[in-house]
Amino acid sequence: MRKLFRPLPLLALFLITPPVVAQQSTQEGALKAKAQQLAQRFIIIDTHLDVPYRLKMHWEDISQRTPDGDFDFVRAKAGGLNAPFMAIYVPSEIEARGGSSKPLADTLIDMVEQLAKDQPSKFAIARSPADVTSQFKKGKISLCMGMENGSPIEHNLDNVKYFYDRGIRYITLAHALHNHISDSSYDSTHVWKGLSFFGRRLVLEMNRVGIMVDVSHISDDAFYDVMNVTKAPVIASHSSCRYFTPGFERNMSDDMIKLLAKNGGVIQIAFGSSFISSDYREREDEARKEITAYFRSRNLKFSDPEAQEYIRKYQAEHAIPFATVSQVADHIDHVVKLVGVDYVGLGSDFEGVGPTLPIGLKDVSQYPNLIEELLKRGYSDKDIQKICGGNLLRVWSEIERRAKELQAGS
Ligand SMILES: [Zn+2]
């Protein structure tokens, strides 16, 4: 490289600056346009959206643009989202209270089926990678289903086939509390020290039937148990890298990501700020402690109007800066550097993390912002296609293939 130390006259600087800025904004414009184009051209699969639970709490016609929420047909189309996994989320408390979890899972599945029945030109249920691909060509949004919490299995291995027949294609073994299958990363009890005996049998039955094992939410011990037992690749439907959030067991450590990749699986990066940024996590923890201390000092319950008013005022006065698209891309980069581009994808957790989504990734219309960030970092079109959905399709196809082999007895 030639070095030019000759100082430029001041006037020359003024003459040079505007064209450089103009050139930069043209380049940025071109990247933005390319990101939009790729979002429409590639199949985007997002493995975790809490749409069914949102609709259960408050019904809205999501085939139209809705004023609230992170997902609707119009914004999904704008963002290029083709195959969202609808989370059939069953709260841990139901099993912990001794109740039956299966009826709620069935209700939520009914609801997703109804969405497709009501709007057949816009939505269709997808039960396989082939469904996703053919419905993408028809311009329909594929509604895939994953069950967040294995509690609806209710100690009965026959329920694996039952939920497969209902369209469930992954099961997150546990959620916030341990259940009869597995320990949870959010639960300090660790009663099973990993998977229960039934949990081990369940993983094998899921392999045989062709349902993906989802290791998000489970404890580290349970993850290693799954990896010892499974006869097929597994996924993390919505987890990020613990490298950026030390001590947060809900995210995956480097060692776990390596093992997941070695077994041919995929980690689908969750977007919520507390999954992405340790600074956000620390400030959120601090706020929680202060609010709890205030409640205790005044003997307030969370639902009391005075408590709600305090939270509102506290949040207004102590706004915590959200994570950014660039930080989400850092998580993708980290997985790529660790194990390569074939083992990472998208599992936003839209509708599940409230307003804590990163700036630039606030709803399903904004996937192109992430693609633009990846383009800026030099990712090729082919790499981006893999991250957007190609990797997940590969794993899902492999699980189908493996299930056939296992059913044939090999
Ligand atoms: Zn979750």
Checklist entry - Can you tell me which residues in region 94-117 are without any contact (Cβ under 8 Å) to a residue 24 or more places away in the chain and outside any helix (DSSP H, G or I)? => result Arg97, Gly98, Gly99
Next on the checklist: Looking at Ser219, Ser237 in this structure, which one is over 15 Å from the mean Cα position of the chain (by Cα), hydroxyl-bearing (Ser, Thr, Tyr) and open to solvent by less than 10 Å² (accessible area, probe 1.4 Å)?
Outcome noted: Ser219
Checklist entry - Which fully enclosed helices (runs of 4 or more DSSP H) of region 269-356 have 3 or more residues being loosely packed, with under 15 Cβ neighbours inside 10 Å? => result 278-298, 305-317
Checklist entry - If the Cβ limit is 7 Å and pairs must be 6+ apart or interchain, which residue in region 16-44 that is under 19 Å from Leu81 (Cβ atoms) and modelled with pLDDT of 85 or more pairs with which residue that is not hydrophobic (A, V, I, L, M, F, W, C) and not in a helix (DSSP H, G or I)? => result Ala39/Gly80; Gln40/Gly80; Ile43/Asn82; Ile44/Gly80; Ile44/Asn82
Checklist entry - Is it fair to say Leu177 is open to solvent by 50 Å² or more (accessible area, probe 1.4 Å), in contact (Cβ under 8 Å) with a residue 24 or more places away in the chain, in contact with a helix residue (DSSP H, G or I) (Cβ under 7 Å, 6 or more places away or on another chain) and within 16 Å of the ligand (Cβ to nearest atom)? => result yes
Checklist entry - Would region 91-105 turn up any residue that is within 22 Å of the chain's Cα centre (by Cα), more than 16 Å from the ligand (Cβ to nearest atom) and surrounded by fewer than 18 Cβ atoms within 10 Å (Cβ to Cβ)? => result no
Item to check | Residue tally, condition assigned to a loop (DSSP other than H, G, I, E, B) and open to solvent by 70 Å² or more (accessible area, probe 1.4 Å), over region 29-68 | outcome: 7
Checklist entry - When the residues of region 118-132 are filtered to those that are under 29 Å from Glu398 (Cα atoms) and not in a loop (DSSP other than H, G, I, E, B), which remaining residue is most open to solvent (accessible area, probe 1.4 Å)? => result Ala130
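Do we find that Asp225 is open to solvent by 30 Å² or more (accessible area, probe 1.4 Å), modelled with pLDDT of 95 or more and away from the ligand (no atom under 16 Å from the Cβ) in this structure?
In short, no.
The values are calculated or read from the model by the stated rules, or taken from the named source; none is laboratory data. Keep in mind that what you see is a predicted model, and the values were worked out from it rather than measured. Positions of Cβ are generated from backbone atoms using ideal geometry, with glycine treated the same way; all protein chains shown enter the neighbour counts. Only protein heavy atoms, including side chains, enter the accessible area calculation; ligands, DNA and RNA are left aside. Shrake-Rupley method; radii C 1.70, N 1.55, O 1.52, S 1.80 Å.
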